[in-house]
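One structure is given below, encoded as structure tokens.
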Amino acid sequence: MRKKIVAGNWKMNKNVIEAQQLMLQILHYRKENPGNCAVWIAPPAMYLLLAKDLYSTQQVGIFAQDMSAYKSGAYTGEISAEMLESIGADGAIIGHSERRQYHNETDAQCNIKVKLALDHNLTPIYCNGETLEQRKAGDHLNVVKKQTEEALFTLSDEEIRKVVIAYEPVWAIGTGETATPEQAQEIHAHIRSLIAKKYGQKTADEVSILYGGSVKADNAQEIFSQPDIDGGLIGGAALNITDFSKIIEALDA
Ligand code: PGA
């Protein structure tokens, strides 16, 4: 049975006091409302250890927003999979569209990162999704296919079961524009069928596929009700406890 997950991507937001406050609010909420979906957060890297201290009892999963494609060495500014493993992080977001857009990340690099993450017992949240131009050109299914195959299809059956995929149409990220539940479902089903073709239906049914792109408290339930949508990767609405807890509630329901 695949996992249901709400993951908060904090991006480059919050000072240390604000970060600690939100972490405590999430912890408190989850203690009071222990639902059945997994709750994960991806704060800025410098707060991961703080999160680890607060969440020692595993109520909330702790993720990096990115990690290096290199193992170790002279790569100024980078954070390695081994470092994340050593602090007890649960995983890392890989291939977020902002990394692709502003840091020229490619699917080939994502492939290396996903593999490295798995080698270090980290869960990769692999992001893919088309741009507005690609959707307008009717190319969205092909784009997502290529991204999925290039970044993931060198993995073994056992490995791909450990990957979480986040479909995030670039045109919906931080824009207030959400894919309709039907648009999202179409791509989620497409991704699952690609995995089924390569690895078999049983494996495909084990992979959690999250939707990301302007998920809010008032649209979460409708999006999560789609059969191939197993939760969300949330940006803006993960930055305050009121919205984030409503989104968790929508998936717990
Ligand atoms: P958003 O971001 O919810 O603010 O659109 C989602 C994401 O980038 O993961």
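The values are calculated or read from the model by the stated rules, or taken from the named source; none is laboratory data. Because the structure is predicted, anything quoted here is derived from the model rather than measured. Cβ atoms come from the backbone with ideal geometry, glycine included; neighbour counts cover every protein chain shown. Remember, those area values only see protein heavy atoms, side chains included, never the ligands or the DNA or RNA. Shrake-Rupley method; radii C 1.70, N 1.55, O 1.52, S 1.80 Å.
Some notes on this structure:
- Top-ranked residue in region 192-208 [being farther than 16 Å from W40 by Cα and among the small types (G, A, S); ranked as least open to solvent (accessible area, probe 1.4 Å)]: A204
- Cross-chain or 6+ apart pairs with Cβ under 8 Å, region 242-253 first and among the polar types (S, T, N, Q), then assigned to a helix (DSSP H, G or I): S245/I26; S245/Y29
- Of residues in region 49-92 being within 16 Å of the ligand (Cβ to nearest atom) and touching a Pro at 6+ places or on another chain (Cβ under 8 Å), the one farthest from K4 (Cα to Cα): Q65
- Taking region 172-186 as the range and being closer than 14 Å to D230 by Cα and within 15 Å of the ligand (Cβ to nearest atom) as the test, only A184 passes.
- Within region 151-170, at least one residue is more than 21 Å from A108 (Cβ to Cβ) and crowded, with 20+ Cβ neighbours inside 10 Å.
- Just so you know, in region 95-127 the residues that are without any contact (Cβ under 8 Å) to a residue 40 or more places away in the chain and not in a loop (DSSP other than H, G, I, E, B) include one that is nearest to F153 (Cα to Cα), and it is D119.
- Extreme residue, farthest from the ligand (Cβ to nearest atom), among residues of region 155-171 that are closer than 21 Å to Q226 by Cβ and part of a loop (DSSP other than H, G, I, E, B): V163
- Selection from region 98-116 of residues that are open to solvent by 70 Å² or more (accessible area, probe 1.4 Å) and of a type in the set (A, V, I, L, M): I112
- Within region 128-137, tally of residues that are open to solvent by 50 Å² or more (accessible area, probe 1.4 Å) and either in a loop (DSSP other than H, G, I, E, B) or touching a helix residue (DSSP H, G or I) at 6+ places or on another chain (Cβ under 6 Å) (or both): 3
- Condition check for Q147: within 15 Å of I209 (Cα to Cα) and in a helix (DSSP H, G or I): yes
- Of the residues making up region 59-92, just one is farther than 29 Å from C37 by Cα and either open to solvent by less than 50 Å² (accessible area, probe 1.4 Å) or touching a strand residue (DSSP E or B) at 6+ places or on another chain (Cβ under 7 Å) (or both), namely A69.
- Residue within region 134-154 that is within 16 Å of the ligand (Cβ to nearest atom), free of Cβ contacts under 8 Å to residues at least 24 places away in the same chain and either more than 15 Å from the chain's Cα centre (by Cα) or under 18 Å from I5 (Cβ atoms) (or both) present: no
- Taken over region 47-82, the criterion of being aliphatic (A, V, I, L, M) and without any contact (Cβ under 8 Å) to a residue 12 or more places away in the chain is satisfied by A74 alone.
- Consider region 209-227 and keep the residues that are more than 12 Å from the ligand (Cβ to nearest atom) and buried (at least 22 other Cβ atoms within 10 Å of the Cβ). The one that is farthest from E182 (Cα to Cα) is I209.
- Of all residues in region 83-109, those being within 12 Å of A151 (Cβ to Cβ) and not hydrophobic (A, V, I, L, M, F, W, C) number 6.
- Test: residue in region 36-45 that is over 24 Å from Q226 (Cα atoms), surrounded by fewer than 20 Cβ atoms within 10 Å (Cβ to Cβ) and in contact with a Leu (Cβ under 7 Å, 6 or more places away or on another chain): no
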